[in-house]
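Could you have a look at this structure, given as structure tokens, before my questions?
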Amino acid sequence: MKTYIKNTLLTLTVTGLLMACSTDELDVKNPNQPTPSSAATEVGVISLAQGTVYINGMGNSSAGIKYYDGVPGGFWTGAVGFHALMGDEVGEEAANQFGNQIGMPDLVTLDDGTKVTNPSSVNTQIALIRTVNVNAQGGANPLFNEWAYMYNLNNGMNSVLEIAASTKFAGDAAAQTAKLNTLKAWAYWWKGYAYSRIGSIYYAGLINDKPGVTTGNYVTKEKIIEEAAKNFDLASTALTALGAGGTDYTAVMRGLIPSFNQVGKGVVPTPDEWKRNINTMKARNIVVNTPAKSMTAAQWGQVLTLTNDGVRAADKVFTGRSNSNSDFMSRLDGNIAAKSTGPTGGTFKISERLIQDFPAGDKRLDNNFTKQPAAILFNQDRGNSFNTRWLIDDGGKGMAGVVVLNNRVEGAYELYLASTFEENELMKAEAKIYTSDIAGGLTAIDVVRTSQGAGLAPLSGLTQAQALEELRKERRVALAFRGLAFYDARRWGVITDGRKGAVVVDKAGKVSTNATINYNFLDYWDVPDNELAYNPAAAGSAATKNPK
């Protein structure tokens, strides 16, 4: 991508607080702008590989990020925030980056028959997207946020691969090979991650494998997902070469992952644990990019194979936490849950539809949310679908053994960056239900509920349709704020067919319990005009605009 690949090549922010080493150990003239020669040391390339992920690839700070906006924030509340809005986990009143419109449904029909249309001047979300997706919007274009972050991540990893190949690592031949393979696994894993996100939200994308090199050859989203799988497989190959890991692997990984993230589930994974993380991501790419009604038995078989060797309950995964300097994320507003906190909510407002998906008696609801005596009403110029009676608790209510969904104490909140055990089990459950092993699917749902302390009776005796409804609700609840809600709404047809039986609070505070919401959201976003303005599609490129 011409706009940012050339400008960000090796100008990645490297912060001493993120590194296991101090800045004077780095062979760089300016630690914030490592050059190819300065990065071509063991410490330098590890520094580059870390900063590429935690600052340029998914940082929640404004450091050097032109498309950062202080209200939605960086990657985890900006790009991922748009997913949460369109997945109807949260609503937003603020207009920054069109946050109060990007998740606004076209029509809400209340219990009394009153129809509340999208009050935007362009009337629909799709029309909004087509109106604001212009280069002149700059960083205010909501379509640009995720694209820019993920291509920063991909380009940085291209640099890591190129530099690592010529870096002289310390130790004997075996140690040097282990360190190189560890960096290869890291780079290919994050390239697979970047392509996964691009292919799961944009109608087309670019495949770039050389640092600073761009192409006008746009390919389909399906080709992008294939590229993700290719890179994940390359990461697995590098991990297999590492065997059980060893001291050299562990030492490099401790340098790649910020020390404050190496807590809880974020401790350095073994190579085998990491490969299971990859399998879960590959299963995700199949599931979230295929309409549920279009999934074939063969695809469900692939998902079962992958999830049967996917993330296990005790496996380490990739996580993020806050620290005193907010190097990766702020404790106060660095994730969706934290940014939903306040006496009337925060930037984000907890959706009534998320709350209604908790089963009756679910301790996860009781431990994490508080119902207000009266509805909290917001600016009505963007409709009223984000009015709510619910606030998220900061730190939970202290119920033993029950998951806490929000904690703004420094370092306390564990943000999941990619694969998780809960997601793996619920994909396994869905595959089993769709392939007639309903009992097995229900057992997998129960495993997730038990692991999160839901306190619910085991599921049994359900029809396939009933089991799928339990699965739908459980994914909404167990995976809340993890960036999956919009993918699910898309593949289940919710964004096109709407949601019936919805709880909605109108502008006067009256509660409808059987409302109908017609979202009519665009399923895959057009390529951002911020890219096309400088890197137009070459002859023979795939379409860059969704025909819908």
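Read the figures in this text as sums done on the coordinates, not as results from a lab. From a predicted model like this one, the values you see are computed outputs, not experimental measurements. Every residue, glycine as well, gets a Cβ built from its backbone with ideal geometry; the counts of neighbours run over all protein chains shown.
Trypsin sites (Lys or Arg not before Pro), restricted to the range 98-177: which are DSSP loop and have at most 13 other Cβ atoms within 10 Å?
Details: sites: K115, R130, K168; in loops: K168.
For trypsin sites (Lys or Arg not before Pro) across the range 98-177 that sit outside H, G, I, E and B with at most 13 neighbouring Cβ atoms in 10 Å, the list reads K168.
Cross-link candidates for K221: which aspartates and glutamates have Cα within less than 14 Å, leaving aside residues fewer than 8 places away along the same chain?
D523, D526
With an 8 Å Cα cut-off and a minimum separation of 6 or more residues, compute the relative contact order for the chain in percent. Before the final figure, lay out the partial values.
Working: 1122 pairs, mean separation 110.0, N = 548.
Contact order relative to length: 20 percent.
Kindly give the semi-axes, whole Å and largest first, of the ellipsoid equivalent to the range 417-465, taking each as the square root of 5 times a Cα gyration tensor eigenvalue. Numbers along the way, then the final one.
Details: eigenvalues 68, 45, 7 Å².
Each semi-axis is the square root of five times an eigenvalue, giving 18, 15, 6 Å.
Here's something else I'd like to know. For the range 76-88, what does the Karplus curve 6.51 cos²θ - 1.76 cosθ + 1.60, with θ = phi - 60°, yield as ³J(HN,Hα) per residue in whole Hz, taken in order and with x for Gly and Pro?
Residue by residue, the range 76-88 yields 6, 10, x, 4, 6, x, 4, 5, 5, 5, 6, x, 6 Hz.
Moving on. Report, in cubic angstrom per residue, the convex hull volume of the C-alpha atoms of the range 397-548.
Numbers: hull volume 33.3 nm³, N = 152.
Measuring per residue, one finds 219 Å³ for the Cα hull of the range 397-548.
Multiplying the sequence separation of A174 and S259 by 0.36 nm and subtracting their Cα-Cα distance, what value in nm do you get? Write down the numbers at each step before the final one.
Values: separation 85, 0.36 × 85 = 30.60 nm, distance 2.58 nm.
Contour length minus Cα-Cα distance gives 28.0 nm.
With Kirkwood's inverse mean 1/r over C-alpha pairs for Rh, give me the Rg to Rh ratio of the range 156-201, two decimals please.
Values: Rg = 12.8 Å, Rh = 11.5 Å.
On the Cα set of the range 156-201, Rg over Rh gives 1.12.
Another one. Could you work out Rg/(2.2 N^0.38 Å) for the range 268-395, with Rg from alpha carbons only? Let's see the in-between values first.
Details: Rg = 19.3 Å, N = 128, 2.2 N^0.38 = 13.9 Å.
With N residues counted in the range 268-395, Rg over 2.2 N^0.38 Å equals 1.39.
Something else about it: Past the 19 angstrom mark, what percentage of all C-alpha to C-alpha distances in the range 278-353 do you count? Provide the component values of the computation, followed by the final result.
On the way: 1740 of 2850 pairs.
Result for the distance tail: 61 percent.
A further question on this structure: Quick check on packing: order 509-518, 393-402, 41-50 by the mean number of other C-beta atoms within 10 Å, highest mean leading.
Values: 509-518: 16.6, 393-402: 14.5, 41-50: 24.9.
The densest-packed peptide leads the list: 41-50, 509-518, 393-402.
At a 10 angstrom cut-off on C-beta neighbours, averaged per residue, how do the peptides 480-486, 461-467, 531-537, 446-452 rank from highest to lowest? Could the numbers behind the result be given before it?
Details: 480-486: 24.6, 461-467: 12.9, 531-537: 17.4, 446-452: 19.3.
By packing density, highest mean first, the sequence is 480-486, 446-452, 531-537, 461-467.
Hey, what's the Kirkwood Rh for the range 246-313 if you take every pair of different alpha carbons, in angstrom?
On the way: mean 1/r = 0.0728 Å⁻¹.
Final number for the Kirkwood radius of the range 246-313 is 13.7 Å.
Here's something else I'd like to know. Alpha carbons only, please: Rg and Dmax for the chain, in angstrom.
Both quantities, over Cα of the chain: 22.7, 76 Å.
Can you give me the relative contact order of the range 144-262 as a percent, contacts being Cα pairs under 8 Å and 6 or more apart?
Numbers: 138 pairs, mean separation 35.5, N = 119.
Once normalised by length, the contact order is 30 percent.
So, by mean Cβ neighbours within 10 angstrom, what's the order for 95-105, 149-159 with the highest one leading?
149-159, 95-105
Right, here's the next one. Using only Cα atoms, what is the ratio of the radius of gyration of the range 176-306 to 2.2 N^0.38 Å?
Details: Rg = 16.1 Å, N = 131, 2.2 N^0.38 = 14.0 Å.
The value comes to 1.15.
Which log10 I(q)/I(0) values does the range 181-236 give at q = 0.18, 0.19, 0.31 Å⁻¹ under the Debye formula, counting every alpha carbon as one identical point scatterer?
Debye output, listed in q order: -0.56, -0.62, -1.19.
Per-residue HN-Hα couplings for the range 278-289, Karplus 6.51 cos²θ - 1.76 cosθ + 1.60 at θ = phi - 60°, whole Hz, x for Gly and Pro?
Each residue's phi maps through the Karplus curve to give 5, 4, 5, 5, 5, 5, 4, 4, 6, 5, 6, 9 Hz.
Find the eigenvalues of the gyration tensor of the Cα atoms of the range 98-201, then list the square roots of 5 times those eigenvalues as equivalent ellipsoid semi-axes, largest first, in whole angstrom.
Equivalent ellipsoid of the range 98-201: 48, 15, 8 Å, largest first.
Suppose each label sits 7 Å from its Cα in the direction of the beta carbon; what would the V511-S326 distance come out to in nanometres?
In this crude spin-label approximation the distance works out to 3.5 nm.
Quick check: the distance between the Cα centres of the range 521-548 and the range 478-507, to the nearest angstrom?
Centre-to-centre (Cα) distance: 26 Å.
May I have the extent of the alpha carbons of the range 502-548 along their three principal axes, as whole Å values ordered from largest to smallest?
Its Cα atoms span 54, 17, 9 Å along the three principal axes.
Now for a different question. Taking the Cα centre of the chain as origin, sum charge times position over the Cβ atoms of Lys and Arg (+1) and Asp and Glu (-1), and report the length of that vector in debye to the nearest 20. Intermediate results must be reported in sequence, preceding the final value.
On the way: 52 positive and 52 negative charges, 84 e Å.
The dipole of the chain has a size of about 400 debye.
Okay, moving on. Report the extension gain between T215 and A360 in nm, rounded to one decimal, defined as 0.36 nm multiplied by the number of residues separating them, less their alpha carbon distance.
Values: separation 145, 0.36 × 145 = 52.20 nm, distance 5.27 nm.
Taking T215 through A360 to full extension adds about 46.9 nm, to one decimal.
Using Cβ contacts closer than 10 Å as the measure, can you line up T114, T443 from fewest to most?
With the fewest neighbours first, T114, T443 line up as T114, T443.
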